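Asker: My questions all concern the structure below.
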Amino acid sequence: MDLRDRPEDSAFRAEVRHFLDTHLVGEFAELGGRGGSGDETFGFETRLRWEKVLAQGGWTCLGWPTEYGGRGASMTEQVIFYEECARAAAPGRVSVVGEGLLGPTLIHYGTDAQKARFLPPIREGSEMWCQGYSEPDAGSDLANVKTRAVLDGDEWVVTGQKVWTSLAHQSDWCFVLCRTDPDVPRHKGLSYLLVPMHQEGVEVRPITQLTKTSEFNEVFFDGARTPRDNVVGAVGDGWRVALATLAFERGAALLGHQLSFGRELDHIIATAQKNGRASDPVMRQRLARAHAELCIMRYNTLRSLAGVDREVARPEASIAKLYWGTWHRRLGELALDVLGPSAVVLDVDPDVDGSVDGSVDGSVDGSVDGSGSHAYELNEFQRTFLFSRSETIYGGSNQIQRNIIGERVLGLPPEPKGVA
Ligand SMILES: Cc1cc2nc3c(=O)[nH]c(=O)nc-3n(C[C@H](O)[C@H](O)[C@H](O)COP(=O)(O)OP(=O)(O)OC[C@H]3O[C@@H](n4cnc5c(N)ncnc54)[C@H](O)[C@@H]3O)c2cc1C
């Protein structure tokens, strides 16, 4: 694989750079690249405005076919776009779930009416989506979903509880995996419903995380309603549609997130150089190892993404997920070791000095638009350390990825099931 830009790639890169140079200014530049994974409550309103600026320039939904308002961009072009956004410290995207998960699922499985209704507002950044899969007893074992949906005339009535629903508190719609037939084997009785969040019968309760922010939530459906036509795929075929969405989750949607890792590592290396820890031989080896592994990760991700338009994730996607999740968790540990003893000190204590200086390098931090108000601000390294714990869980935990690799790549015997 030749990873150098071809002339047409260079031209595309120049176009992206020009757009970012001219539009990533003012309040958008002030965000300093924040608002990515694990930091989603930060500057939400500003990032929503950024989404609309991107949309007006035609820079949302790059990989969608042009007939649905996308650019039909190749994987290489998408990589270039994400690389340039990471380089320019563009704000974290607010519409990752709609653009990266639901959109591609609707393009594959939706009816023409569903595509016409739901794709344009995702592209324009005017409707936000969340993913209603996990339940208290259905995470890795997703087929155990118990949330029920029952037809009442021309509407589905949904009752049950979801959990860990990222961004539900900021979403207009949720794609909900529901049980529509309790009398057939459990994978077969599921359907994939599109449910409006702003209605009686939907209650969202934020969950406070280790980082003291609340990116995810419990969601309670108590007689929530959605039109009969808002089922994606056939009734009872929700398992297949849900797996297709997961394949997208483990593929292209993760790319933008990974590309910000390089900037984080640069920041850690710069800090180690500034505070002298870079002269410690063991620390130097760890920094060099992180750099080398980041390069390996990029090449492997590109290789795995070469097949990302398939509906079922390939085993390479499991290898990539296991690799990046574990790498980033280790990077968080490295970041704190670079900080040394001050890693355990909270930079902001409003009760003492009222300061909002929460960043390692002294740049201005805090909640730009008030949406991320909480008792204190963690600095970037502390956030990475704490939030990266979750990255070996969501999108399929490390153990689940190892099972997939063991069974589907190495041909090991399947894990025993149903043993009493
Ligand atoms: C930050 C974050 C955001 C999330 N966002 C969403 C969201 O927007 N929407 C949504 O629906 N869900 C979301 N999730 C939920 C996520 O998909 C689940 O946490 C994940 O699938 C694991 O399920 P669980 O938490 O129920 O753990 P469990 O499945 O109960 O697993 C507990 C432990 O047992 C291990 N384990 C389970 N089964 C096996 C097995 N067969 N073999 C070996 N080990 C096993 C797991 O690896 C894990 O270590 C999010 C989670 C996090 C952390």
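The values are calculated or read from the model by the stated rules, or taken from the named source; none is laboratory data. Computed from a prediction, not measured in an experiment: that's the story for all the values here. Here the Cβ is made from the backbone with ideal geometry for all residues, glycine too, and neighbour counts use every protein chain on show. All accessible areas refer to the heavy atoms of the entire protein, side chains included, with ligands and DNA or RNA removed. Shrake-Rupley method; radii C 1.70, N 1.55, O 1.52, S 1.80 Å.
Asker: When residues of segment 246-261 are filtered for being more than 18 Å from Ser388 (Cα to Cα), at pLDDT below 65 and part of a helix (DSSP H, G or I), how many remain?
Answerer: So the answer is 1.
Asker: What helices (runs of 4 or more DSSP H) completely inside segment 1-116 contain at least 1 residues that are under 24 Å from His267 (Cα atoms)?
Answerer: Correct list: 7-23, 26-30, 44-56, 75-87.
Asker: Which one of the conditions (1) away from the ligand (no atom under 16 Å from the Cβ); (2) at negative phi does Val97 fail to meet, given that it meets all the rest?
Answerer: (1)
Asker: A further question follows. Among the residues of segment 401-413 satisfying the criterion of being open to solvent by 70 Å² or more (accessible area, probe 1.4 Å) and at pLDDT 90 or above, which is nearest to the ligand (Cβ to nearest atom)?
Answerer: Per the criteria, the residue is Arg402.
Conditions tested, residue by residue: (1) modelled with pLDDT of 55 or more; (2) under 21 Å from the mean Cα position of the chain (by Cα); (3) open to solvent by less than 50 Å² (accessible area, probe 1.4 Å); (4) over 24 Å from Leu259 (Cα atoms).
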residue	(1), (2), (3), (4)
Tyr299	yes, yes, no, no
Lys321	yes, yes, yes, no
Gly332	yes, yes, yes, no
Asp365	no, no, yes, no
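Asker: Ok, one more. Looking at segment 204-223, I want the residues that are small (Gly, Ala, Ser) and have a partner that is more than 11 Å from the ligand (Cβ to nearest atom) and at pLDDT 90 or above with Cβ atoms under 7 Å, at least 6 apart or on another chain. Which pairs are those?
Answerer: Ser214/Pro206; Ser214/Thr208; Gly223/Val157; Gly223/Thr159; Gly223/Gly201
Asker: On the basis of being under 22 Å from Val204 (Cα atoms), out of contact with any Gly (no Cβ under 7 Å at 6 or more places or on another chain) and within 16 Å of the ligand (Cβ to nearest atom), does Gly103 make the cut?
Answerer: no
Asker: Residues of segment 86-116 being farther than 17 Å from Ala244 by Cα, open to solvent by 20 Å² or more (accessible area, probe 1.4 Å) and touching an Asp or Glu at 6+ places or on another chain (Cβ under 9 Å), which ones?
Answerer: Correct list: Ala88, Arg93, Ala113.
Asker: Does segment 23-66 hold any residues that are farther than 20 Å from Ser126 by Cβ and of a type in the set (Asp, Glu), and which are they?
Answerer: Glu30, Asp39
Asker: Has segment 176-193 got any residue that is within 12 Å of the ligand (Cβ to nearest atom), touching a residue at least 24 places away in the same chain (Cβ under 8 Å) and in a strand (DSSP E or B)?
Answerer: yes
Asker: Another one. Return the residues of segment 160-195 that are under 21 Å from the mean Cα position of the chain (by Cα) and open to solvent by 20 Å² or more (accessible area, probe 1.4 Å); say none if nothing qualifies.
Answerer: Trp164, Ser166, Leu167, His169, Gln170, Asp172, Trp173
Asker: For segment 140-159, state whether one or more residues are within 13 Å of the ligand (Cβ to nearest atom), part of a strand (DSSP E or B) and either modelled with pLDDT of 95 or more or surrounded by fewer than 20 Cβ atoms within 10 Å (Cβ to Cβ) (or both).
Answerer: No: zero hits.
Asker: Given the conditions (1) in contact with a strand residue (DSSP E or B) (Cβ under 9 Å, 6 or more places away or on another chain); (2) over 25 Å from His169 (Cβ atoms); (3) hydroxyl-bearing (Ser, Thr, Tyr), report the number of the one that Thr105 does not fulfil.
Answerer: Condition not satisfied by Thr105: (2).
Asker: Any residue that is more than 25 Å from Glu40 (Cα to Cα) and at pLDDT below 85 - is there at least one of those in segment 382-400?
Answerer: no
The rows are residues; the columns are (1) within 16 Å of the ligand (Cβ to nearest atom); (2) under 28 Å from Cys61 (Cα atoms); (3) surrounded by 20 or more Cβ atoms within 10 Å (Cβ to Cβ).
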| site | (1), (2), (3) |
| --- | --- |
| Gln209 | yes, no, no |
| Asn217 | yes, yes, yes |
| Pro227 | no, yes, no |
| Gly236 | no, no, no |
| Ala244 | yes, yes, yes |
| Ile269 | no, no, no |
| Lys274 | no, no, no |
| Met283 | no, no, no |
| Ala288 | no, no, no |
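Asker: Give the residues of segment 279-295 that are in contact (Cβ under 8 Å) with a residue 24 or more places away in the chain and either acidic (Asp, Glu) or out of contact with any helix residue (DSSP H, G or I) (no Cβ under 8 Å at 6 or more places or on another chain) (or both), sorted by residue number.
Answerer: Glu293
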